[in-house]
Amino acid sequence: MAQQVLGVVAPGRNEAVRVETITVPDPGPGEAVVKIQACGVCHTDLHYKQGGINDDFPFLLGHEAAGVVEAVGEGVADVAPGDFVVLNWRAVCGRCRACLRGRPWYCFDTHNAARKMTLADGTELSPALGIGAFAEKTLVHAGQCTKVDPAVAPSVAGLLGCGVMAGIGAAINTGNVGRGDTVAVIGCGGVGDAAIVGSRLAGAATIIAVDIDDRKLETARKMGATHTVNSGSTDPVEAIRELTGGHGADVVIEAVGRPETYRQAFYARDLAGTVVLVGVPTPEMKLELPLLDVFGRGGALKSSWYGDCLPSRDFPMLIDLHQQGRIDLGAFVTETIGLGDVEKAFARMHEGDVLRSVVVL
């Protein structure tokens with residue numbers, strides 16, 4: 001039987017979000033209804049609100065979430081009611097060319113729920129990244145539910161659903177950071193700090209944090225950066241070279257998503273080094289680089305989509321590492337808030353003093 005619950009809806013481009021009554025249908029074949037316990041406020045949700053993703057308003061926002069499976073539809077075998085899960089937006093299909101080649105983290109046909117959640121008047125909602133978790137309950141494809149140890153706090157576990165996984169994966173999965181490597185991370189928000197954590201976990205010897213905000217640089221040190229550079233007052237390319245024996249870093253992770261910072265990343269890497277773009281650019285941005293420099297410097301220029309993660313593999317592993325004390329996922333939670341505080345949380349993003357606001361239900 002369909003249920004009515006509260007959720008955070010973006011009604012139109014740049015309009016303030018509001019808490020609305022939404023209708024969640026029973027799960028269809030391959031689907032699950034999840035009772036949400038916590039959901040992080042991510043920049044991607046803000047992009048949806050601003051119309052930077054598409055114009056399929058109204059959106060049901062929220063995607064970085066953890067909760068408990070309440071009901072499942074026909075044919076669901078991997079999760080059951082009562083399971084504690086982290087939601088993911090890469091429910092691999094198992095049939096596309098990437099999956100069949102053994103690279104499911106590049107799946108080209110990820111699953112979403114077929115049935116639609118609606119406003120009380122029947123208006124169909126577009127769930128952010130196919131999830132829509134700023135809600136008391138949401139409907140997803142069962143493949144978007146990844147079981148993890150229920151002993152971990154939901155406010156911590158949910159962060160793996162997007163930002164923390166994106167950053168850690170950018171370092172470990174995409175950048176292939178190894179023992180003794182030098183790493184520079186440009187942009188020290190939640191994703192950049194997660195890349196620092198991932199680099200430290202992988203055994204990097206030198207981790208250079210770059211940002212224009214000294215508060216963020218101080219947090220980056222706490223996360224594991226060995227050096228910091230304020231690029232508002234110092235040329236970051238020169239500073240990174242000085243800190244790496246004049247060579248540049250083995251891996252430079254760009255967590256801003258702007259042409260200016262990408263160019264910095266490109267020239268701050270060592271010969272045959274790797275640049276990883278994990279910051280999300282906007283559609284109108286253009287990049288211009290001398291092709292001879294691209295050729296002459298060698299190495300690899302990569303983009304990291306969701307940290308090139310495989311949720312079924314990576315989420316439980318990172319939860320285990322958190323429980324062992326090897327990474328502190330709780331350090332990313334700056335504040336816990338309610339559904340009615342999401343608009344204020346978006347404003348706090350611009351103030352630069354928050355890694356993650358987490359909605360707790």
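The values are calculated or read from the model by the stated rules, or taken from the named source; none is laboratory data. These figures come from a predicted structure and were not determined experimentally. Neighbour counts are summed over all protein chains in view; Cβ atoms, including those assigned to glycine, are modelled from backbone coordinates with ideal geometry. Accessible surface areas use protein heavy atoms only, side chains included; no ligands, DNA or RNA. Shrake-Rupley method; radii C 1.70, N 1.55, O 1.52, S 1.80 Å.
For the reader, a short list of remarks on this structure follows.
- Cα-based convex hull, the chain, per residue volume (Å³, whole number): 130 Å³
- Residues MET223, MET1, sorted by accessible area with the largest first, give MET1, MET223 [1.4 Å probe; ligands and nucleic acids excluded].
- Between helix 214-223 and the chain: long-axis angle, C-alpha atoms, 0 to 90°, nearest 10: 80 degrees
- Over every Cα atom in segment 80-227, the radius of gyration and the widest Cα-Cα span, Dmax, amount to 18.3, 58 Å.
- Segment 1-65: C-alpha pair distances exceeding 21 Å, %: 30 percent
- In this Cβ point-charge picture (+1 for Lys and Arg, -1 for Asp and Glu), the chain has a dipole of about 720 debye about its Cα centre.
- Note on segment 228-336: Cα convex hull, mean projected area over all directions, 9.8 nm².
- Folded to 0 to 90 degrees: helix 311-323 orientation relative to the chain principal axis, Cα: 70 degrees
- Cα-based equivalent ellipsoid of segment 142-267: semi-axis lengths in Å, sorted from largest, via gyration tensor: 27, 15, 13
- Take every Cα pair under 8 Å whose residues are at least 6 apart in sequence, average their separation, divide by the length of the chain, and the relative contact order is 17 percent.
- Flagged links, alpha-carbon separation over 27 Å, of LYS137/LYS302; LYS216/LYS302; LYS49/LYS137; LYS137/LYS344; LYS35/LYS116: LYS137/LYS302
- Accessible area per residue for the chain is 42 Å², calculated with a 1.4 Å probe on protein heavy atoms, without ligands, DNA or RNA.
- Quarter of the Cα convex hull surface for segment 1-137, i.e. its orientation-mean projected area (nm²): 8.4 nm²
- In terms of accessible area, using a 1.4 Å probe and ignoring ligands and nucleic acids, LYS137, LYS216, LYS35, LYS222 rank largest first as LYS222, LYS35, LYS216, LYS137.
- Rounded to 5, the percent of DSSP beta bridges in segment 115-238 classed as antiparallel: 10 percent
- Taking the 1.4 Å solvent-accessible surface of the chain as the whole, the part contributed by carbon and sulfur is 51%.
- Volume of the Cα convex hull of segment 186-240, divided per residue and given in Å³: 61 Å³
- Crossing angle, helix 259-268 versus the chain [Cα axis fit, 0-90 degrees, rounded to tens]: 50 degrees
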